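Accompanying notes for the structure given below.
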Amino acid sequence: MKNIILSLLCLFFATVVKSQTHQLLFKTAYGNIKVVLYDYTPAHRDLILNAIKTQVYKDALFNRIISDFVVQGGEHDIDIEKRESADPAKEKPRLAAEFDPRAFHKVGALGAGRDGNAEKASFLNQIYFVVGKKITAKELDDLEVKKKIKYTPEQRATYLKIGGQPRLDHDFTVFGEIYEGLDVILKISKVKTDSQDYPVQPVHFELSEIKN
């Protein structure tokens, strides 16, 4: 099943990479992951590009890993809450959500984490990769009713072919996708974790922009 998914994704990636401007490299002990950023989610694209310049993700970890769901990295929810609670001004800076029908939670999607704010605005320094699972037509039908949304033909076809986490659509911003190294993120998604989804052994990553 994994090999079929990887083969299908290669076909999607070839077109997406050529049509976008920026790519990222995640270096890990498990291998490298290459990501294309979407130009149609410009605020989130620019946020992570600036984070690279200012070394926001220096010594970063994938610190929340849930098999068949997501691999999350950057600042952890708990640490964000502690930092913001200790702030005398009680400021909670967020980035406004950017929802685009071309950016959805298929396997390999790169998204921005957030808390439960009503605006669905993103944290400034937390990302995740969708590992996902197989999706059925009935699940998509049920989600359309529950979330009061309509999946596009492209979204529906992609979810049925390669899977993902469609229940996150219209709630979390997707701003890129893996175009090389999906096998690496799938491998990371299977590492041993504790009861709080922290990896038992730290999973570091180095983040940089790929210069063309």
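The values are calculated or read from the model by the stated rules, or taken from the named source; none is laboratory data. Just so you know, these numbers come straight off a predicted model, no measurement behind them. Because the Cβ atoms are built from the backbone with ideal geometry, glycine has one as well, and the counts that use them run over all protein chains shown.
Looking across the range 25-44, the residues that are over 19 Å from residue 62 (Cα atoms), surrounded by fewer than 17 Cβ atoms within 10 Å (Cβ to Cβ) and of a type outside the set (A, V, I, L, M) come down to 39, 40, 42.
When you go through 82, 58 one by one, which is the residue that is free of Cβ contacts under 8 Å to residues at least 60 places away in the same chain and either part of a loop (DSSP other than H, G, I, E, B) or among the small types (Gly, Ala, Ser) (or both)? Show your work before the answer.
Values: 82 fails: either part of a loop (DSSP other than H, G, I, E, B) or among the small types (Gly, Ala, Ser) (or both).
Matching residue, one of 82, 58: 58.
For the residues 91, 84, the requirement of being farther than 22 Å from residue 166 by Cβ, modelled with pLDDT under 95, surrounded by fewer than 16 Cβ atoms within 10 Å (Cβ to Cβ) and touching a Lys or Arg at 6+ places or on another chain (Cβ under 7 Å) singles out 84.
If you filter the range 50-81 down to residues that are among the basic types (Lys, Arg) and surrounded by fewer than 15 Cβ atoms within 10 Å (Cβ to Cβ), you find that the one that is nearest to residue 129 (Cα to Cα) is 58.
Surrounded by 15 or more Cβ atoms within 10 Å (Cβ to Cβ), farther than 14 Å from residue 205 by Cβ and of a type in the set (A, V, I, L, M): does that describe residue 47? For residue 47, the condition - surrounded by 15 or more Cβ atoms within 10 Å (Cβ to Cβ), farther than 14 Å from residue 205 by Cβ and of a type in the set (A, V, I, L, M) - is met.
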